[in-house]
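Contents: one structure, followed by commentary.
The values are calculated or read from the model by the stated rules, or taken from the named source; none is laboratory data. Here the structure is a predicted model, which means the values were calculated and not measured. FYI the Cβ positions are ideal-geometry reconstructions off the backbone, even for glycines, and counts take in every protein chain you see.
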Amino acid sequence: MARATLLLLLIPLVAEALAAHHAPRLARAPAAASSARRCARAPAPVASTTLDPNSERVNVSGEDLVVAGAASAAPAHGPLHPLMVLWRFSRPHTLIGSALCIPALSLFAAPAGMAAPALVSTLVPVVLYATLPSLLINIYITGLNQLFDVEIDKVNKPKLPLASGEMSIPAGWATVLTCLALGVGLGLAPSPLASPALLATLLGSVFLGTIYSTPPFRLKRFPLMASFCIMSVRGALINWGFFQHAATTAFGAATLPAGRLAALTGIYVSIYLYICLYLSISIYIHMSIYISLSISLYVYS
């Protein structure tokens with residue numbers, strides 16, 4: 001079971017690294033802008049233009065060009081297109097990472113020697129209850145970041161829904177505020193599957209995600225503070241919160257095995273520190289470090 005749990009913990013980290021490694025860099029934008037300015041300064045060629053009304057083509061200096069109109073109209077979208085836009089708005093690599101780390105951390109909280117059927121029946125409802133508000137808060141955080149970065153994303157990530165115009169700004173705000181209300185509401189609900197640790201994790205994530213993206217704080221402008229926010233949520237808060245939530249709600253443990261949790265948190269704080277501060281290195285070296293640290297965690301466990 002330890003090996004399976006470590007595999008679940010490894011997958012979201014690899015997804016984070018892949019997304020960070022292959023993301024386009026904003027630094028490329030000035031070169032593109034400079035090229036556009038050079039093109040704008042170049043004199044436009046003089047050409048004779050004739051229109052053939054029967055063929056819907058324009059003849060420019062002897063070359064046929066298709067007229068922009070019905071032929072270049074936007075393609076029709078299927079009924080599932082709004083859901084696909086919402087899926088891309090949610091930043092799926094972060095959503096998948098959150099969905100995988102919750103059951104993995106909950107398994108680490110399970111007492112040794114517990115039979116598999118009892119473990120599954122005890123853990124599944126607790127994990128599902130924690131996962132739903134966590135994914136909603138995840139969408140709130142990533143969506144908020146996009147709402148305050150629309151102009152940057154038009155250059156850096158033009159295929160994101162807000163930058164491409166597939167989702168309007170009011171729709172983006174409606175989405176993030178609805179996810180925030182539902183996520184916090186589930187954390188506050190008087191349910192036997194809720195816990196103070198789950199609520200603290202949700203509220204802590206909301207707080208750090210908000211000051212990361214929004215003025216006047218906008219901590220993402222400062223590399224060290226941005227790294228602090230990411231490490232605090234992904235490296236420390238999530239590890240403590242979901243471990244404690246499962247330990248108290250599913251297994252009735254009032255206290256945590258401090259050494260085990262400290263090792264888990266320390267290792268993944270280190271991983272996210274590395275992701276935040278040293279992204280330009282080869283993805284293969286990323287993978288080697290993740291595997292090495294996960295083996296260390298396995299040996300410790």
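Filter the stretch 190-203 down to the residues that are under 20 Å from the mean Cα position of the chain (by Cα) and either acidic (Asp, Glu) or buried (at least 18 other Cβ atoms within 10 Å of the Cβ) (or both), then identify the one that is nearest to ASN145 (Cα to Cα).
Filtering first and then ranking leaves LEU202.
Looking only at the stretch 137-161, which residues are surrounded by 22 or more Cβ atoms within 10 Å (Cβ to Cβ) and among the aromatic types (Phe, Trp, Tyr)?
TYR140
So, PHE207, is that one farther than 21 Å from LEU100 by Cβ, modelled with pLDDT under 90 and of a type in the set (Phe, Trp, Tyr) or not?
Working: farther than 21 Å from LEU100 by Cβ: yes; modelled with pLDDT under 90: no; of a type in the set (Phe, Trp, Tyr): yes.
Here the answer is no, as PHE207 does not meet what is asked.
Test each condition in (1) within 23 Å of ALA246 (Cβ to Cβ); (2) surrounded by fewer than 20 Cβ atoms within 10 Å (Cβ to Cβ); (3) without any contact (Cβ under 8 Å) to a residue 60 or more places away in the chain for SER164 and report the one that comes out false.
The one condition SER164 does not meet is (1).
Among (1) over 23 Å from TYR129 (Cα atoms); (2) in contact with a helix residue (DSSP H, G or I) (Cβ under 6 Å, 6 or more places away or on another chain); (3) free of Cβ contacts under 8 Å to residues at least 40 places away in the same chain, which single condition is GLY235 missing?
Answer for GLY235: the failing condition is (1).
With respect to GLY172, determine if the residue is assigned to a helix (DSSP H, G or I) and either farther than 28 Å from THR249 by Cβ or at pLDDT 90 or above (or both). Walk me through how you get there before you give the answer.
Details: assigned to a helix (DSSP H, G or I): yes; either farther than 28 Å from THR249 by Cβ or at pLDDT 90 or above (or both): yes.
So GLY172 fits the description; yes.
Evaluate the stretch 189-197: report whether one residue or more is out of contact with any strand residue (DSSP E or B) (no Cβ under 6 Å at 6 or more places or on another chain), closer than 17 Å to ILE139 by Cβ and touching a residue at least 12 places away in the same chain (Cβ under 8 Å).
Checked the stretch 189-197: no residue is out of contact with any strand residue (DSSP E or B) (no Cβ under 6 Å at 6 or more places or on another chain), closer than 17 Å to ILE139 by Cβ and touching a residue at least 12 places away in the same chain (Cβ under 8 Å).
Starting from residues that are over 27 Å from PRO103 (Cβ atoms) and among the aliphatic types (A, V, I, L, M), keep the ones in the stretch 210-258 and report whichever is surrounded by the fewest Cβ atoms within 10 Å (Cβ to Cβ).
The qualifying residue surrounded by the fewest Cβ atoms within 10 Å (Cβ to Cβ) is LEU224.
Restricting to helices (runs of 4 or more DSSP H) lying wholly in the stretch 76-161: which have 3 or more residues that are under 13 Å from the mean Cα position of the chain (by Cα) and within 17 Å of TYR212 (Cβ to Cβ)?
Details: elements: 81-89, 92-109, 116-147, 150-156.
Hits in the stretch 76-161: 92-109, 116-147.
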